[in-house]
Amino acid sequence: MKALVLFYSTYGHVYRMAEAVAEGIREIPGAEAVLRRVPETLDEEVLGKMGAIEAQKVFAHVPVCDVSELPAYDAIVFGTPTRFGNMCGQMRQFLDATGGLWFSGALIGKVGSVFASTATQHGGQESTLLTFHVTLLHHGMVVAGLPYSFEGQMRNDEITGGSPYGATTIAGTQGDRMPSENELAAARFQGKHVAGIAAKLSGN
């Protein structure tokens with residue numbers, strides 16, 4: 001069973017969650033996790049003004065994904081920061097180029113799942129995941145979230161991301177908050193959950 005963790009990250013928060021998702025996938029015997037990032041659409045001048053260039057060097061080694069690669073995987077877990085309650089423009093542009101895959105039904109029956117990052121606790125954590133699911137459903141994917149068997153999403157002793165729709169993290173308005181241990185645990189749980197479903201569907 002082969003799973004793709006496909007992400008866009010501005011300051012590294014989503015990348016750290018992507019690593020945790022991949023760790024969870026690898027907990028399933030025989031499961032392979034592959035990390036890829038979607039192409040950047042902003043030029044270096046803009047990224048420089050955003051203070052993102054140094055942060056992005058941390059995951060610059062991760063290969064950029066091409067749309068044609070997607071059918072090779074049994075499961076795809078997408079990671080995105082939030083932009084006004086939706087996925088970021090970079091991810092949207094990548095997915096808008098999957099029309100050929102939709103036409104051929106190349107992703108039908110594959111497991112799809114989403115995790116995200118927002119600046120604030122109520123900055124679109126759930127809406128980003130839910131609106132992302134719409135695209136996966138159009139592709140005929142089997143959508144998986146984060147079950148309540150991950151009890152960390154019911155914690156109220158700390159501010160934390162996570163919902164039944166998927167793992168999330170809170171980056172802070174200045175991007176100074178990295179994923180907490182609970183949020184990383186949610187991402188690992190989601191990765192393992194997705195891989196387990198994909199393994200069953202693929203007969204492994």
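Below, the figures for the structure above:
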quantity	calculated
Sparse-neighbour loop sites [chymotrypsin sites (Phe, Trp or Tyr not before Pro); the stretch 115-204; at most 15 other C-beta within 10 Å; DSSP]	TYR148
Residue list for the stretch 127-149, given a label point 7 angstrom along the Cα-to-Cβ vector of ILE108 and an amide N cut-off under 15 Å	137-142
Lysine pairs with alpha-carbon atoms under 18 Å apart, the stretch 2-201, spacing 8 or more or separate chains	7
Among beta bridges that DSSP assigns inside the chain, antiparallel share in %, nearest 5	10 percent
The chain: C-alpha gyration tensor shape, a/c 1.5 cut-off, then a/b vs b/c	oblate
GLU19, GLU44, GLU126, GLU27 arranged by Cβ crowding within 10 Å, fewest neighbours leading	GLU44, GLU27, GLU126, GLU19
Estimated FRET transfer efficiency (THR173, ALA97; beta-carbon r; R0 35 Å; 0.05)	0.65
Gained length - GLN121 relative to GLU158, 0.36 nm times residue gap less alpha-carbon distance	12.2 nm
Filtered chymotrypsin sites (Phe, Trp or Tyr not before Pro), the stretch 1-105: DSSP coil and at most 10 other beta carbons within 10 Å	PHE84
Within-11-Å neighbourhood charge of ILE197 [Cβ basis; K, R +1; D, E -1]	+2
Within the stretch 128-142, backbone nitrogen closer than 16 Å to the virtual label 7 Å beyond the Cα of PHE84 toward Cβ	128, 131-132
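Quick note: the coordinates plus some simple rules give every number you see, no bench work behind them. Not measured: the values here are computed from a predicted model. When we count neighbours, we look across all protein chains shown, and the Cβ atoms used for this are built from the backbone with ideal geometry, even at glycine.
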